[in-house]
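Some notes on the structure that comes next.
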Amino acid sequence: GAWLGVLGGGQLGRMFCQAAQALGYRVAVLDPDESCPAGMVADAHIRAAYDDAAGLDRLAQRCAAVTTEFENVPADSLRRLARSRITTPSGDAVAVAQDRLAEKSYIQAAGVPVAAHAAIRCAADVDACPDALFPGILKTVRFGYDGKGQVRVASRDEARQAFGALRGVPCILEALQPLDHEISVVVARDLRGRAVSYPPSRNVHRDGILALAVADGSVPAGIADQARGHALSLADHLDYHGVLCVEFFVLRDGRVLANEMAPRPHNSGHYTQDGCLVSQFEQQARIMAGLPLGDTALLRPAAMLNLLGDLWFDAQGRRREPDWAGVLAVPGTRLHLYAKSEARRARKMGHVNILGADAAQLRERIARVSAVLGLPDADA
Ligand code: ATP
Ligand code: MG
Ligand code: MG
C-alpha cells in the first residue's frame, strides 16, 4: 500500500496515523524521541532530528506525501521534502504561522481584521508605539504556545520592564481586547484549492491552556459565517494546502478579530473525531492522498474536554489513574488517550469527546464528566 509521512510524533501525529491507516495507508513518522506517542502506532518510525537531511530523505524515499504535526518544524525541512514529494502545508505557509508579525500581516492582507499591534524589536519601539496599545499583551514573535512567552502589560513602563525581562527577543505588542468569548475554525484546503470549513468551536482556556472546546451550534450564524469566511479567505490568500486552524476573538461589541493560526489540525478541532462524519485528521490524510474532501457538518452537539497531566496526581502529589470507567459511564462520551510516556502537570495527555442530543444535554454531560474528573465546571 501507499505510504504517507508526518514530521513530529506527538498526539497530533498519532491521531493523523490512526486516521490515515483507517483509509488504508501506511504511515512513517519522523521524530527523534524513541517513545513518542505516534511512533508506537506508526508503520515506521524514523528516529531523527527534524532538520536531519538524511532522515528527511529517508522519509521522502518511503512516502508519496508528507505533512507536519508540529508547527515549529524547520520550514527548510518542509522545503527539502517538497523538492521530491507532495508536502502539505508548504514551508512558506508554516514559516508565516511561526512568526506572529508575518502572521498578522498575512491575515490583514487577506482582508481579515486583527487586534491593533506593533513590532517591538528594541526598547525604542516601546517608547514609540501608540498609547492605544495599552493595556496590552507583549508576546514573543516566535515559539509561544499555551500562553507561554506572553506578558500582560498595563502601561508603557510595564512593557519596558517586560521586554527587558524577555532579554530583548523580538516581540509583538497587542492591544488587550474586550473579549466576549473565543472561537476557532478548522479549514481543510486541497491541492487544487477546493476548501471546506468546520463549524466553529467555542473555546474556554484555563491557565492559558485550552480546557474545553464546544461545538453545539450556538455561535450566532452571523458570527459563525464571518469566522468561517475569514478562515477560508486566509487559506486562499496563503494558497494553503492541508488543514489550518484559525483562532478568533469575539468582542463584546460583536466584532470578530483573528488572533492566530496553526498550520495543522488543532486541539480545538478534536471534537470533529466524534461530532462529524470526517475528522480534521482524516481531511489531512485525504488532502495528501488526493482524495475528495469529506463532510464537515456537525452531526450532533459535541465538545472536547482536555485531559492534562494534573489529573494523574492526587492532592498529595501521588500518582493515580483518573476514573475512566466513571467518565465512560456518562452517556455520549468517548475517550482519546495519547499514551505519553510520563504524566506531567499541564501536559496534554488525552481528551474526552462528549456528544449530546441538544446543547442543554451536552452541557449537563460536560458537567458530569468534569465532576467525575474533579475539574471545575468550565462553562462555555
Ligand atoms: P495557543 O496555545 O493557542 O497557541 P498562544 O500561546 O499562541 O496560545 P495566543 O493564542 O496568542 O497564545 O494567546 C493565548 C490567549 O491569551 C488567547 O486565547 C486569549 O485568551 C488571550 N489573549 C491573547 N491575545 C489577546 C489580546 N490581544 N486581547 C485579549 N486576550 C488575548
Ligand atoms: Mg499559538
Ligand atoms: Mg492561541
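The values are calculated or read from the model by the stated rules, or taken from the named source; none is laboratory data. Fair warning: this is a prediction, and the values are worked out from it, not measured in the lab. Glycine gets a Cβ as well: all are built from the backbone with ideal geometry, and neighbour counts include every protein chain shown.
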(1) closer than 27 Å to T140 by Cβ; (2) within 16 Å of ligand 1 (Cβ to nearest atom); (3) touching a Lys or Arg at 6+ places or on another chain (Cβ under 6 Å): which one isn't true of V214, the others all being true? (1)
For the structure I just gave you, tell me whether L244 is surrounded by fewer than 24 Cβ atoms within 10 Å (Cβ to Cβ), within 16 Å of ligand 3 (Cβ to nearest atom) and not in a loop (DSSP other than H, G, I, E, B). no
I'd like to know if the range 115-124 contains one or more residues that are touching a residue at least 40 places away in the same chain (Cβ under 8 Å) and within 16 Å of ligand 2 (Cβ to nearest atom). yes
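Restricting the search to the range 311-358, which residues are part of a helix (DSSP H, G or I) and touching a strand residue (DSSP E or B) at 6+ places or on another chain (Cβ under 9 Å)? First the steps, then the outcome.
Within the range 311-358, the first condition is being part of a helix (DSSP H, G or I), and the residues that meet it are 311-312, 324-328.
L311, W312, W324, V327, L328, listed by residue number.
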On the basis of being at negative phi, within 16 Å of ligand 1 (Cβ to nearest atom) and at pLDDT 95 or above, does A159 make the cut? yes
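Which of the following residues is within 16 Å of ligand 2 (Cβ to nearest atom), on the phi < 0 side of the Ramachandran plot and either aliphatic (A, V, I, L, M) or not assigned by TED's automatic domain parsing to the domain that holds G332 (or both): L299, L257?
Working: L299 fails: within 16 Å of ligand 2 (Cβ to nearest atom).
Of the residues listed, the single one that is within 16 Å of ligand 2 (Cβ to nearest atom), on the phi < 0 side of the Ramachandran plot and either aliphatic (A, V, I, L, M) or not assigned by TED's automatic domain parsing to the domain that holds G332 (or both) is L257.
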Pairs, please: C-beta under 6 Å, at least 6 apart or cross-chain, first residue over 14 Å from L78 (Cα atoms) and in the range 40-67, second assigned to a helix (DSSP H, G or I)? V41/R14; V41/C17; A42/C17; I46/G55; I46/R58; I46/L59; A48/G55
Could you give me the residue pairs with C-beta distances under 8 Å whose first residue belongs to the range 267-284 and is more than 16 Å from ligand 1 (Cβ to nearest atom), whose second residue is of a type in the set (D, E) wherever it lies, and which are 6+ apart or on separate chains? C276/D295; L277/D295; V278/D295
(1) within 14 Å of L244 (Cα to Cα); (2) out of contact with any helix residue (DSSP H, G or I) (no Cβ under 7 Å at 6 or more places or on another chain); (3) among the charged types (D, E, K, R): which one isn't true of D274, the others all being true? (1)
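Restricting to the range 118-145, give me the number of residues that are within 30 Å of R79 (Cα to Cα) and in contact with a Lys or Arg (Cβ under 9 Å, 6 or more places away or on another chain). Steps first, answer last, please.
Residues of the range 118-145 within 30 Å of R79 (Cα to Cα): 118-121, 139-145.
With the extra rule that they be in contact with a Lys or Arg (Cβ under 9 Å, 6 or more places away or on another chain), the set shrinks to 139-142, 144.
Number satisfying all stated conditions: 5.
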May I ask you to list pairs of residues, at least six apart or on different chains, whose Cβ atoms are under 6 Å apart, with the first in the range 147-160 being touching a residue at least 60 places away in the same chain (Cβ under 8 Å) and more than 18 Å from R121 (Cα to Cα) and the second being within 15 Å of ligand 3 (Cβ to nearest atom) and not in a helix (DSSP H, G or I)? G147/G208
Condition check: touching a Ser or Thr at 6+ places or on another chain (Cβ under 8 Å), within 16 Å of ligand 3 (Cβ to nearest atom) and at pLDDT 95 or above. Does V112 satisfy that? yes
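Just to be sure before I move on: is G55 of a type in the set (G, A, S) and at positive phi in the structure I sent?
On the way: of a type in the set (G, A, S): yes; at positive phi: no.
Answer is no for this residue.
Looking for whichever is under 26 Å from I366 (Cβ atoms), part of a strand (DSSP E or B), more than 16 Å from ligand 2 (Cβ to nearest atom) and touching a helix residue (DSSP H, G or I) at 6+ places or on another chain (Cβ under 8 Å) here; the options are V219, V186, V214. Which one fits?
On the way: V219 fails: part of a strand (DSSP E or B); V186 fails: more than 16 Å from ligand 2 (Cβ to nearest atom).
Criteria check complete, one pass: V214.
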